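Comments concern the structure below.
The values are calculated or read from the model by the stated rules, or taken from the named source; none is laboratory data. Nothing here was measured: the structure is a model prediction, and the numbers come from that model. All Cβ positions, glycine included, derive from the backbone under ideal geometry; neighbour counts span all protein chains shown.
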Amino acid sequence: MENLRERISSLKKKRNAIILAHNYTLPEVQDIADLVGDSLGLSLEAAKTDADVIVFCGVTFMAETAKILNPSKIVISPEPDAHCAMAGMCGPEDIKEMRRRNPGAAVVGYVNSTAASKAEMDVCCTSSNVLDVVSSMEEQDIIFVPDSNLGAYAGSRAPSKNMILWKGFCPIHQSITAEMIDDLKREHPDALVLVHPECRSQVIEKADVIGSTEMMIRSARESDNKEFIVATELGMKHRLMKECPGKSFYFPDVALCGVMKMTTLNSIVRCLETMSPQVSLPADISERAYNPVKRMTEIK
Ligand code: SF4
């Protein structure tokens with residue numbers, strides 16, 4: 001593994017590349033990344049980097065988002081088949097149909113969407129800024145795609161808005177049940193419960209803290225508590241343990257996202273050597289998706 005790390009480090013210099021990795025990627029990938037974070041943090045970094053090449057370790061919509069923000073840069077997605085299941089649940093035609101059925105409503109879309117879907121949105125959001133984005137909208141009627149759990153959570157915090165929800169969900173967060181949290185709470189009664197808002201509402205009701213992966217890390221770091229039950233994808237454990245030494249984290253063991261684990265050190269070496277596969281988007285999609293994504297990075 002040391003050889004692979006050295007190889008990545010020298011290729012990175014040669015290509016003037018930056019490596020961005022999502023909090024759910026493999027531990028060894030997180031360890032060689034220049035920045036590990038959630039979708040918002042990584043998008044912000046992608047928007048301001050002066051590197052020539054962005055290697056995005058995560059799933060394909062994330063690399064597409066980086067390309068939308070940086071059309072002139074080379075963006076590489078080491079595993080081009082790492083597609084997020086939720087992003088595939090709502091396509092551009094679905095959004096157009098929702099608009100036809102709800103004239104006057106604004107479309108807020110979770111960043112976990114394809115570039116073609118983003119091109120049909122008014123604004124994108126992440127789980128970090130969803131509440132700010134929804135409450136910043138002038139329109140009262142908000143079509144929210146694709147995540148029904150995140151949309152329902154945002155609606156519960158913005159009661160003046162009429163949320164019109166698409167029926168998508170993250171299969172990983174959806175597999176976490178309230179009973180699993182109750183079982184972990186029985187085993188660890190002093191643990192604080194941190195819940196990602198992609199979880200179903202019955203799980204969100206069990207939370208002491210609801211928030212994105214970055215908010216979870218901040219809460220765990222700043223809390224006096226020593227134990228935490230964490231309702232999100234298991235990849236988060238690595239960063240939590242690294243940044244919060246001496247604290248313990250308990251996850252529902254079903255929460256494993258296979259596509260987030262596809263990127264390996266080998267795939268990063270391969271893509272830096274061959275400079276492929278590069279993300280390429282049709283110009284009209286890239287142009288129309290720019291404003292919704294840019295607005296997302298401006299609402300923090
Ligand atoms: S954890 Fe869920 S939302 Fe995230 S990439 Fe996997 S399937 Fe998509």
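Of the residues VAL145, VAL130, which single one is touching a strand residue (DSSP E or B) at 6+ places or on another chain (Cβ under 7 Å), under 18 Å from ALA87 (Cβ atoms) and buried (at least 17 other Cβ atoms within 10 Å of the Cβ)?
From the options VAL145, VAL130, the qualifying one is VAL145.
Among the residues of region 170-199, count how many are over 14 Å from VAL230 (Cβ atoms), in contact with an Asp or Glu (Cβ under 6 Å, 6 or more places away or on another chain) and within 11 Å of the ligand (Cβ to nearest atom).
1
Output the residues belonging to region 127-166 that are assigned to a loop (DSSP other than H, G, I, E, B), in contact (Cβ under 8 Å) with a residue 60 or more places away in the chain and under 21 Å from MET215 (Cα atoms).
SER127, SER128, ASN129
Do we find a residue being aliphatic (A, V, I, L, M) and closer than 20 Å to CYS257 by Cα anywhere in region 93-104?
For region 93-104, residues aliphatic (A, V, I, L, M) and closer than 20 Å to CYS257 by Cα: absent.
When the residues of region 217-239 are filtered to those that are away from the ligand (no atom under 16 Å from the Cβ) and touching a strand residue (DSSP E or B) at 6+ places or on another chain (Cβ under 8 Å), which remaining residue is nearest to ILE176 (Cα to Cα)?
Taking the candidates together, the pick is ILE229.
Test each condition in (1) in a helix (DSSP H, G or I); (2) within 18 Å of the chain's Cα centre (by Cα) for GLU287 and report the one that comes out false.
GLU287 satisfies all of (1) in a helix (DSSP H, G or I); (2) within 18 Å of the chain's Cα centre (by Cα) except (2).
I'd like the full set of residues that are within 15 Å of the ligand (Cβ to nearest atom), of a type outside the set (Gly, Ala, Ser) and closer than 23 Å to ILE181 by Cβ, limited to region 240-266.
Scanning region 240-266 gives PHE251, PRO252, ASP253, VAL254, LEU256, CYS257, MET260.
Filter region 250-270 down to the residues that are over 19 Å from ASP31 (Cα atoms) and either acidic (Asp, Glu) or touching a strand residue (DSSP E or B) at 6+ places or on another chain (Cβ under 9 Å) (or both) and list them by number.
TYR250, PHE251, PRO252, ASP253, ALA255
For region 26-37, check the following and say yes or no: at least one residue is among the β-branched types (Val, Ile, Thr), more than 16 Å from the ligand (Cβ to nearest atom) and not assigned by TED's automatic domain parsing to the domain that holds THR126.
Within region 26-37, one or more residues are among the β-branched types (Val, Ile, Thr), more than 16 Å from the ligand (Cβ to nearest atom) and not assigned by TED's automatic domain parsing to the domain that holds THR126.
Can you name every residue in region 4-25 that is within 16 Å of the ligand (Cβ to nearest atom) and in contact with a Cys (Cβ under 8 Å, 6 or more places away or on another chain)?
LEU20, ALA21, HIS22, TYR24, THR25, listed by residue number.
Quickly run through region 167-217 and pick out the residues that are assigned to a loop (DSSP other than H, G, I, E, B) and β-branched (Val, Ile, Thr).
Of everything in region 167-217, those that are assigned to a loop (DSSP other than H, G, I, E, B) and β-branched (Val, Ile, Thr) turn out to be ILE176, THR177.
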